[in-house]
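Data block below; observations after.
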Amino acid sequence: MIETMNSADIAFPNLGIYLENVPKNFSVFGFSIAFYGLIIGIGVMAGIVMATREAKRTGQNPDDYWDFAIYAIIFSIIGARLYYVIFSWDHYKNNLLEIFNLRKGGLAIYGAVIAAFLTLLVYTKVKKKSFWQMADTAVLGLILGQIIGRWGNFMNREAFGDYSNGLLAMALPIDAVRQHEITANHWEHVAEGANYIMVHPTFLYESLWNLGVLAVLLLYRKHKKFEGEISLMYLAGYGIGRFFIEGLRTDQLLLPVIGLPVSQLLGIILFVVCTIIIVVIRVTMKSEKRTLGESASLADNQRLGRDK
């Protein structure tokens, strides 16, 4: 068991991992660069490359995805910030200029996802492209970006959960995290003389869950039954994972009045709705295929009757 930690250390005690002096920033020519932003940038670029390769595999023009990415990046950042600000309004309503201070964090992935889909809808209308075909291609890059991007939360010591002493439990120095994200449950389990809390590494849970979702999408994409199925599977798969993981986090964005975690609620709604849509479309397609088969069989029998 760890007794004390330095303020820049991170540990996974039950895995025997202790990382010393993990920095949040580094300097280039005197300019401070946050690892959070760098990792997000790497995730974005990896996602674009993934989407363009999938476009090439399916006979699409990869340049369409590079063009779309320019708009998607801009509006996704705006969407991520708006989502966060809207559901943290009490914090910003008396200091509106803070809304534009992105260096202090405050981006919500669901806001980015919503903005990306809306941007794609407009882009495909203007360019006269298939929305669902492009969506099926782009979501592969989107979830890869999410897998990588979550490690920016690791560097920032954020997006963690309540107390845990499980196998993957993470130890964070108390003075390295935002104090309002420390719960009473955390404090109850701080050992005498210790200066750290034990938490669920929910950033890691989500990164691993998304990796599993990506694997399923990659294995299934050649067998999809209709355009849009991969997108719906992504929304459902990410949604159900986020529903459970969000319930562990201590930095939840809450709906006004009712106080429910907005991302948890959105996650379960997307899972239910998208699953129903997939099932309905598949049943409809199967029914139509059976009807066509019966019509063809009837036509063949009639033709045989005339030949006699």
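The values are calculated or read from the model by the stated rules, or taken from the named source; none is laboratory data. Given the structure is predicted, the values throughout are model-derived calculations rather than measurements. Every residue, glycine among them, receives a Cβ derived from its backbone with ideal geometry; neighbour counts consider all protein chains shown.
Observations on the structure shown:
- Of the helices (runs of 4 or more DSSP H) lying entirely inside the stretch 10-98, those containing at least 3 residues that are in contact (Cβ under 8 Å) with a residue 60 or more places away in the chain and crowded, with 17+ Cβ neighbours inside 10 Å are 35-57, 62-86.
- Meets criteria (hydroxyl-bearing (Ser, Thr, Tyr) and modelled with pLDDT of 95 or more) for Thr275: yes
- Counting only helices (runs of 4 or more DSSP H) that sit wholly inside the stretch 155-273, those with at least 1 residues that are in contact with a Phe, Trp or Tyr (Cβ under 7 Å, 6 or more places away or on another chain), free of Cβ contacts under 8 Å to residues at least 24 places away in the same chain and over 17 Å from Leu142 (Cα atoms) are 184-188.
- Reported count of residues in the stretch 262-272, each being farther than 16 Å from Tyr110 by Cα and either touching a Leu at 6+ places or on another chain (Cβ under 7 Å) or modelled with pLDDT under 95 (or both), is 0.
- Within the stretch 235-261, the set of residues being aliphatic (A, V, I, L, M) and at pLDDT below 95 comprises Leu253, Leu254, Leu255, Val257, Ile258, Leu260.
- Test: residue in the stretch 156-167 that is buried (at least 19 other Cβ atoms within 10 Å of the Cβ), over 25 Å from Ile40 (Cβ atoms) and among the small types (Gly, Ala, Ser): yes
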